[in-house]
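The values are calculated or read from the model by the stated rules, or taken from the named source; none is laboratory data. The model shown is predicted, which means the values in this text are computed figures rather than measured ones. Every residue, glycine among them, receives a Cβ derived from its backbone with ideal geometry; neighbour counts consider all protein chains shown.
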Amino acid sequence: MRVKFPENKKFAFSIFDDTDKATLENVGPVYKLLSNLGIYTTKSVFVFPQEDSDNPATRGQTLSDPKYLSFILELRDRGFEIGFHGARGISSKRADIIKAIEHFKEAIGYYPKVYANHLENKEKIYWNEKRFSLGILKLLYKILTFKRNFEEKWRSEGNDPRSEYFWGDIVKKYITYVRNLTFPQINTLKINPSMPYYDPKKPYVNFWFSSSDGHDAKTFNKLLSKENIDKLEKENGVCIVYTHFANDFVANNEVNPTTKYLLTQLSKRDGWFAPVSTILDYLASKRNLHTLSLSEKIKIETMWFFYKIQHGTS
């Protein structure tokens, strides 16, 4: 699918930053750089603090921290989108999730439009083997992750009305886009040309989107190589990177020098740099509601299955 972007830009680029472990110190310098370069992206947040010292992913600052909230509001005012990563970094029941959504609205000024599941929260929606539509892949995934089936934290109950962690109707009401599959290729749209797409077998999610894998600084830097950006530009593509800016992007208050160089070079290209939901809204406006064809479904689910098994990224 070739797209005519605003102002005839040659490609579109955004980032969804997963807030795991994020603090002012370990992500602030990255956002200062992005702002200076005019690359506007999506920063996700947790709303409430959590106390789980056994899992470093749950550590970090939340909207309940006044200094961090001030930082997030400043990002919002500069043109960054604020997304949702859950009520907190540990499992939250329905009542707390509703409180978190309303607190988010009160603090940020709008309801979150884009969301990504947090790996170890039981309120994950359509996660684990439920990410697949193809029965054979569901079965293989369950076999290969057999041990996880007995651990509570790996359960995905956000779409189950019988569960105290159910909030599917809240997702449907407030959240437009939910991240699903992640790939190592730079042109996310080439891999998943139907995104954002609706899956009638997962009715609580309005639209799904895929992403390109840049989960830590090393992977991010590899993804944004000159060769890859040349390819993205040539293909008139769309790249939505999924990353964790708290994962080794900053040391001694300085952005990783390779990351800084690559982002600076990227900013000089004739690209459209906009938040995730802005780009997805634009793609959606260019066609009618689109569900995945059987061939595309087989392609992306099979590709992700093997990538997941080999690399373990989410």
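Specify which of the listed residues (LYS202, LYS222) is at negative phi and either touching a strand residue (DSSP E or B) at 6+ places or on another chain (Cβ under 7 Å) or in contact (Cβ under 8 Å) with a residue 60 or more places away in the chain (or both). Explain how you work it out, then say what you get.
On the way: LYS222 fails: either touching a strand residue (DSSP E or B) at 6+ places or on another chain (Cβ under 7 Å) or in contact (Cβ under 8 Å) with a residue 60 or more places away in the chain (or both).
When all the criteria are applied, what remains is LYS202.
Six or more apart or on different chains, Cβ under 9 Å: which pairs go from a residue in region 121-142 that's of a type in the set (Val, Ile, Thr) to one that's part of a helix (DSSP H, G or I)? Could you list them?
From region 121-142, the pairs are ILE125/GLY168; ILE125/VAL171.
Give the number of residues within region 201-225 that are more than 11 Å from the chain's Cα centre (by Cα) and either over 15 Å from ASN180 (Cβ atoms) or hydroxyl-bearing (Ser, Thr, Tyr) (or both).
The first filter runs over region 201-225 and keeps only residues more than 11 Å from the chain's Cα centre (by Cα), leaving 201-207, 216-225.
Subset that is either over 15 Å from ASN180 (Cβ atoms) or hydroxyl-bearing (Ser, Thr, Tyr) (or both): 204, 216-225.
So the count comes out to 11.
Any residue in region 267-284 that is in contact (Cβ under 8 Å) with a residue 12 or more places away in the chain and more than 18 Å from ILE175 (Cβ to Cβ) sitting within a Cβ distance under 6 Å of a residue that is among the hydrophobic types (A, V, I, L, M, F, W, C) and crowded, with 22+ Cβ neighbours inside 10 Å? List the pairs, counting only those 6 or more apart or interchain.
Here the result reads GLY271/PHE11; GLY271/PHE13; TRP272/ALA12; PHE273/PHE13, each pair linking region 267-284 to a residue that is among the hydrophobic types (A, V, I, L, M, F, W, C) and crowded, with 22+ Cβ neighbours inside 10 Å.
From (1) at negative phi; (2) within 16 Å of the chain's Cα centre (by Cα), pick out the condition that doesn't hold for ARG94.
(2)
In region 144-160, is there at least one residue being surrounded by 21 or more Cβ atoms within 10 Å (Cβ to Cβ), modelled with pLDDT under 95, in contact with an Asp or Glu (Cβ under 6 Å, 6 or more places away or on another chain) and under 25 Å from SER314 (Cα atoms)?
Checked against the condition, which is being surrounded by 21 or more Cβ atoms within 10 Å (Cβ to Cβ), modelled with pLDDT under 95, in contact with an Asp or Glu (Cβ under 6 Å, 6 or more places away or on another chain) and under 25 Å from SER314 (Cα atoms), region 144-160 yields no hits at all.
Given region 250-314, what helices (runs of 4 or more DSSP H) lie entirely inside it while holding 2 or more residues that are in contact with a strand residue (DSSP E or B) (Cβ under 9 Å, 6 or more places away or on another chain), under 30 Å from LEU134 (Cβ atoms) and at pLDDT 90 or above?
Per the criteria, 276-285, 294-311.
Could you list, in sequence order, all residues of region 4-29 that are β-branched (Val, Ile, Thr) and either over 23 Å from GLN185 (Cβ atoms) or touching a Leu at 6+ places or on another chain (Cβ under 7 Å) (or both)?
The initial filter retains those residues of region 4-29 that are β-branched (Val, Ile, Thr), namely 15, 19, 23, 27.
Answer for region 4-29, where residues must be β-branched (Val, Ile, Thr) and either over 23 Å from GLN185 (Cβ atoms) or touching a Leu at 6+ places or on another chain (Cβ under 7 Å) (or both): THR19, THR23, VAL27.
Assuming VAL205 fulfils every condition listed in (1) crowded, with 20+ Cβ neighbours inside 10 Å; (2) over 20 Å from TYR282 (Cβ atoms) apart from one, which condition is it?
In the conditions (1) crowded, with 20+ Cβ neighbours inside 10 Å; (2) over 20 Å from TYR282 (Cβ atoms), VAL205 misses (2) alone.
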